[in-house]
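Below: the structure, in structure tokens.
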Amino acid sequence: DQARQPDYLSGLNPEQREAVETLDGPVLVLAGAGTGKTRVLTTRIAHILATGRAFPSQILAVTFTNKAAREMKERIGHLVGGQVEGMPWLGTFHSIGVKLLRRHAELVGLSSDFTILDTDDVVRLIKQLIQAEGIDDKRWPAKQFAAMIDGWKNKGLDPAQIPEGDARAFANGKGRELYTAYQNRLKSLNACDFGDLLLHPIRMFRANPDVLRDYHQKFRYILVDEYQDTNTAQYMWLRLLAQRPASAGGKNEPVNLCCVGDDDQSIYGWRGAEVDNILRFEKDFPGAKVIKLERNYRSTEHILGAAGHLIAHNEGRLGKTLFTDRTDPDDEKVVVHAAWDSEEEARAVGEEIERLQRGDATGRKHNLNDMAILVRASFQMREFEDRFVTLGLNYRVIGGPRFYERLEIRDAMAYFRLVCQPADDLAFERIVNTPKRGLGDTTIRTLHDYARARDIPMLAAAADIIETDELKPKARKALFDVVADFRRWQGLLENTPHTELAEQILDESGYTAMWQNDKSAEAPGRLENLKELIRSMEAFESLRGFLEHVSLVMDAEQNEDLDAVSIMTLHSAKGLEFDTVFLPGWEEGLFPHQRALDEGGRAGLEEERRLAYVGITRAKRRCHLWFVSNRRIHGLWQSTMPSRFLDELPPMHVEVAEVDTSYGGYGRGGYGQSRFDKAEPFTNSYSTPGWKRAQQNRTDATRDNWGTRSGHAVERIGYGESGPRGRTIEGE
Ligand code: ATP
Ligand code: MG
């Protein structure tokens with residue numbers, strides 16, 4: 001019956017096929033990197049559709065990033081032939097959460113046009129609450145409390161549920177009170193934060209079993225990728241949707257849930273992910289079929305060997321076998337490079353990229369699209385960006401703080417938000433005096449009090465207050481103009497093309513002029529960004545649609561057609577693959593990151609090692625690791641030690657690049673002439689100019705160099721992905 005089997009099944013190995021074809025009951029695919037887990041999910045959806053078991057709208061599929069969701073949709077299309085008409089419930093936990101919430105907002109006390117606050121908004125709001133309580137916000141920073149709330153929400157905890165100790169840990173026992181006040185304030189703003197995008201649906205389902213039942217009937221199949229990185233709240237959400245109550249006859253309906261994951265790639269523990277969710281799967285979903293995949297289709301034997309040997313240093317693994325038959329005598333070993341500092345590191349990586357572009361040893365020319373630089377912390381990106389700009393090499397930054405987070409973009413967005421959503425007080429406060437209109441703190445405070453006393457949004461309060469004599473004439477006139485502007489723009493919202501309106505808003509508000517008159521070096525760039533912002537709106541039908549998009553998406557403005565090197569953090573590289581992968585910055589303190597060691601101890605170190613495993617296993621054919629002996633962070637030189645992870649690589653699969661001293665650097669044509677000697681312990685083969693490895697001092701040295709956590713510099717090099725967009729409504 002081979003002949004009759006659909007095309008999309010024919011390429012699968014028997015275990016993959018089993019995972020695709022076992023459609024009834026819970027299935028867990030637990031398997032290492034590159035074994036085809038994502039491919040199994042994609043094919044499974046294709047199979048469900050092709051066999052007519054469900055319509056696209058009856059499949060709930062969760063990916064870790066929006067990008068992954070788009071790619072999956074595309075691939076499903078290819079598999080079943082032609083466009084998949086709408087897979088409305090294929091997306092990240094957050095994007096699916098938004099969708100549920102827009103439908104049922106009123107059940108949790110919001111209206112369907114609620115605003116999604118980003119981290120900046122959240123911090124500003126919390127700061128107000130802290131100050132309103134008369135708490136010293138220098139001593140108890142809003143940012144810290146924002147992180148605490150986020151942590152509670154990841155665990156699915158409402159104010160009443162947070163542990164007593166947690167509640168006491170902030171502002172002398174005011175933690176719970178502030179969390180409650182925060183939630184109330186969000187409600188009155190008709191807003192929610194990222195955590196609420198999951199928690200509100202959970203609350204809504206619990207309080208409304210009939211609504212939950214509708215979704216039980218609706219979602220015939222549920223699929224989850226990167227299952228190892230779900231946090232408690234996500235897990236609760238998933239269980240609510242997947243576990244159906246016994247039907248009238250007392251027989252449980254099958255849970256058609258398929259999760260795929262790899263415990264060795266769990267890298268979001270610091271953000272509340274619970275790898276234990278994998279271990280609990282069989283318990284929570286009795287009768288689950290657990291399928292293991294062992295054949296890796298992605299990487300060469302050297303790359304797999306290096307990654308496997310490294311991750312074997314972790315304890316508490318489920319343990320998996322991985323093999324490949326992709327072996328070729330010409331396969332390159334994993335190459336370790338040394339550089340003097342990060343500038344040289346970037347220069348050498350740039351040269352290697354250009355060399356591959358011109359043609360490798362076999363004469364094959366490589367596309368930039370097939371190469372990626374994966375950094376541990378986002379601050380490492382700048383050096384590469386600078387270098388590539390100099391070289392004229394195209395690159396794209398994936399994830400991380402980018403375009404939509406720039407000051408001028410956020411200001412402009414605040415204008416647009418307020419036009420669409422007049423109750424958005426945070427947007428109002430952001431721009432009411434930007435550009436300067438003579439509306440000082442006193443005026444804003446008066447306005448704030450006026451609004452609070454009447455429980456109305458600030459823009460509405462402004463419209464009221466200008467009819468009174470509460471304000472000084474000058475402020476009153478300025479506010480009068482602001483109110484008139486917004487009324488006019490709101491009037492134009494429905495019938496003016498949105499790009500035109502957006503441009504008009506920026507011009508008439510004086511915002512564009514503010515940057516035109518600004519003499520600073522950044523001003524021209526900011527004006528360009530504003531132009532780019534308007535340009536990027538063209539793809540949308542309305543201003544509202546665009547705002548929604550921006551709040552959801554982090555990597556949308558990338559030009560997918562351009563041949564370009566990808567630069568991203570290791571965290572955002574999850575699930576991706578590239579022919580050639582460059583992994584810079586393998587130094588103690590940076591990787592493993594000192595903060596992970598300080599805060600996580602052994603578990604922190606193991607998570608760092610998993611991150612290293614994720615990094616290496618992104619490579620299909622070539623993997624280059626780098627370490628530098630000096631790193632400058634915000635102007636301060638630090639001398640560094642090679643990462644302990646380098647010691648943990650197996651000599652069999654690794655070589656050390658020859659140092660090319662002719663220009664004081666490394667790299668060019670260097671590898672292939674390894675001076676790595678198999679007879680010696682691997683650790684002895686690293687050396688850099690002017691510095692010899694002194695392994696016995698490592699711990700102390702590391703602490704001196706990186707362990708001081710007082711400075712802003714060290715704080716900032718934190719996890720590259722912890723920023724607002726890193727949180728990924730995507731994601732991440
Ligand atoms: P990760 O853990 O990194 O997310 P994964 O297990 O999801 O990896 P995939 O990305 O699905 O792995 O697959 C890795 C690569 O192997 C992809 O290029 C995929 O197309 C390919 N692949 C998977 N299964 C097969 C197969 N049966 N035949 C040929 N290629 C395959
Ligand atoms: Mg995958």
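Could you grab me the full set of residues in region 566-601 that are away from ligand 1 (no atom under 16 Å from the Cβ) and under 27 Å from Ser299 (Cα atoms)? Show your work before the answer.
Filtering region 566-601 for residues away from ligand 1 (no atom under 16 Å from the Cβ) gives 567, 582, 584-601.
Once the filter is applied, which keeps residues that are away from ligand 1 (no atom under 16 Å from the Cβ) and under 27 Å from Ser299 (Cα atoms), region 566-601 yields Ile567, Phe582, Pro584, Gly585, Trp586, Glu587, Glu588, Leu590, Phe591, Pro592, His593.
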Inset, instruction - Identify the residue in region 582-640 that is touching a strand residue (DSSP E or B) at 6+ places or on another chain (Cβ under 8 Å) and part of a loop (DSSP other than H, G, I, E, B) and, among all such residues, is nearest to Asp328 (Cα to Cα). - result: Arg618
Inset, instruction - Looking at (1) surrounded by fewer than 21 Cβ atoms within 10 Å (Cβ to Cβ); (2) under 30 Å from Thr22 (Cα atoms), find the lone condition where Asp360 falls short. - result: (2)
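Considering only region 268-299, how many residues are in a loop (DSSP other than H, G, I, E, B) and at pLDDT below 90? Show your work before the answer.
First, the residues of region 268-299 that are in a loop (DSSP other than H, G, I, E, B): 268, 272, 274-275, 285-288, 294, 296-299.
Among the residues that remain, those that are also at pLDDT below 90 are: 268, 272, 274-275, 285-287.
Residues flagged as in a loop (DSSP other than H, G, I, E, B) and at pLDDT below 90 within region 268-299 amount to 7.
Condition check ((1) within 14 Å of ligand 1 (Cβ to nearest atom); (2) β-branched (Val, Ile, Thr); (3) free of Cβ contacts under 8 Å to residues at least 40 places away in the same chain; (4) out of contact with any Leu (no Cβ under 6 Å at 6 or more places or on another chain)) across all residues:
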{"position": "Leu60", "(1), (2), (3), (4)": "no, no, no, yes"}
{"position": "Thr65", "(1), (2), (3), (4)": "yes, yes, no, yes"}
{"position": "Gly77", "(1), (2), (3), (4)": "no, no, yes, yes"}
{"position": "Met87", "(1), (2), (3), (4)": "no, no, no, yes"}
{"position": "Ser95", "(1), (2), (3), (4)": "no, no, no, no"}
Legend entry - Hits in region 47-62 (condition: closer than 24 Å to Thr230 by Cα and surrounded by 20 or more Cβ atoms within 10 Å (Cβ to Cβ)): Ile59, Leu60, Ala61, Val62
Inset, instruction - Quickly run through region 19-78 and pick out the residues that are under 22 Å from the mean Cα position of the chain (by Cα), under 24 Å from Ser95 (Cα atoms) and among the small types (Gly, Ala, Ser). - result: Ala61, Ala68, Ala69
Legend entry - Filter result (within 15 Å of ligand 2 (Cβ to nearest atom) and surrounded by fewer than 20 Cβ atoms within 10 Å (Cβ to Cβ)) within region 75-105: Arg75
Legend entry - Pairs with Cβ under 6 Å, 6+ apart, first in region 198-222 and surrounded by 16 or more Cβ atoms within 10 Å (Cβ to Cβ) and among the hydroxyl-bearing types (Ser, Thr, Tyr), second modelled with pLDDT under 95 and not in a helix (DSSP H, G or I): Tyr221/Ala54; Tyr221/Asn256
Legend entry - The listed residue being within 16 Å of ligand 2 (Cβ to nearest atom) and either of a type outside the set (D, E, K, R) or touching a Lys or Arg at 6+ places or on another chain (Cβ under 8 Å) (or both), out of Thr22, Thr51, Thr43: Thr43
Inset, instruction - Could you please give the count of residues in region 116-149 that are over 30 Å from Ala207 (Cβ atoms) and in a loop (DSSP other than H, G, I, E, B)? - result: 8
Legend entry - Residue satisfying all of: in region 300-323; over 17 Å from Ala612 (Cβ atoms) and modelled with pLDDT of 90 or more; nearest to ligand 2 (Cβ to nearest atom) among these: Thr300
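Filter the helices (runs of 4 or more DSSP H) completely within region 306-425 down to those with at least 1 residues that are touching a residue at least 12 places away in the same chain (Cβ under 8 Å) and under 30 Å from Phe546 (Cβ atoms). Step through it out loud before you land on a result.
Numbers: elements: 342-358, 381-391, 407-420.
Per the criteria, 381-391, 407-420.
Could you please let me know if Leu590 is closer than 24 Å to Met371 by Cβ and modelled with pLDDT under 95? Reasoning before the result, please.
Working: closer than 24 Å to Met371 by Cβ: yes; modelled with pLDDT under 95: yes.
Answer is yes for this residue.
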Legend entry - Close pairs from region 562-581: first on the phi > 0 side of the Ramachandran plot, partner modelled with pLDDT under 90, Cβ under 6 Å, at least 6 apart: Gly575/Ala68
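Tally up the residues in region 569-600 that are within 16 Å of ligand 2 (Cβ to nearest atom) and of a type in the set (Ser, Thr, Tyr), please. Before the answer, list the steps.
Let us first name the residues in region 569-600 that are within 16 Å of ligand 2 (Cβ to nearest atom), namely 570-578, 581.
The next check asks that each one be of a type in the set (Ser, Thr, Tyr); those that pass are 572.
Here the count works out to 1.
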Inset, instruction - Would you be able to tell me the number of residues in region 5-35 that are buried (at least 17 other Cβ atoms within 10 Å of the Cβ), within 14 Å of ligand 1 (Cβ to nearest atom) and within 25 Å of Arg239 (Cα to Cα)? - result: 8
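Can you work out which of the residues in region 1-19 that are of a type in the set (A, V, I, L, M) and closer than 23 Å to Thr321 by Cβ is nearest to ligand 2 (Cβ to nearest atom)? Talk me through it step by step, then tell me what you get.
Let us first name the residues in region 1-19 that are of a type in the set (A, V, I, L, M), namely 3, 9, 12, 19.
Then keep just the ones that are closer than 23 Å to Thr321 by Cβ; that gives 12, 19.
Working: Leu12: 15, Ala19: 13 Å.
Selected residue: Ala19.
Would you tally the residues in region 456-490 being of a type in the set (D, E, K, R) and touching a Phe, Trp or Tyr at 6+ places or on another chain (Cβ under 8 Å)? Break it down into steps so the answer makes sense when it comes.
Residues of region 456-490 of a type in the set (D, E, K, R): 464, 467, 469-470, 472, 474, 476-477, 481, 485, 487-488.
Checking the rest, the ones that are also touching a Phe, Trp or Tyr at 6+ places or on another chain (Cβ under 8 Å) come to 464, 470.
Residues that pass the stated criteria total 2.
For region 177-230, which residues satisfy the criterion of being part of a strand (DSSP E or B) and modelled with pLDDT of 95 or more?
Once the filter is applied, which keeps residues that are part of a strand (DSSP E or B) and modelled with pLDDT of 95 or more, region 177-230 yields Tyr221, Ile222, Leu223, Val224.
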Inset, instruction - Could you tell me whether any residue of region 168-175 is crowded, with 18+ Cβ neighbours inside 10 Å, modelled with pLDDT of 95 or more, assigned to a helix (DSSP H, G or I) and out of contact with any Ser or Thr (no Cβ under 7 Å at 6 or more places or on another chain)? - result: no
Inset, instruction - Could you grab me the full set of residues in region 7-32 that are over 25 Å from Asp284 (Cβ atoms) and of a type in the set (A, V, I, L, M, F, W, C)? - result: Leu9, Leu12
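The values are calculated or read from the model by the stated rules, or taken from the named source; none is laboratory data. Given the structure is predicted, the values throughout are model-derived calculations rather than measurements. Cβ sites come from the backbone with ideal geometry, for glycine too, and all protein chains shown count toward neighbours.
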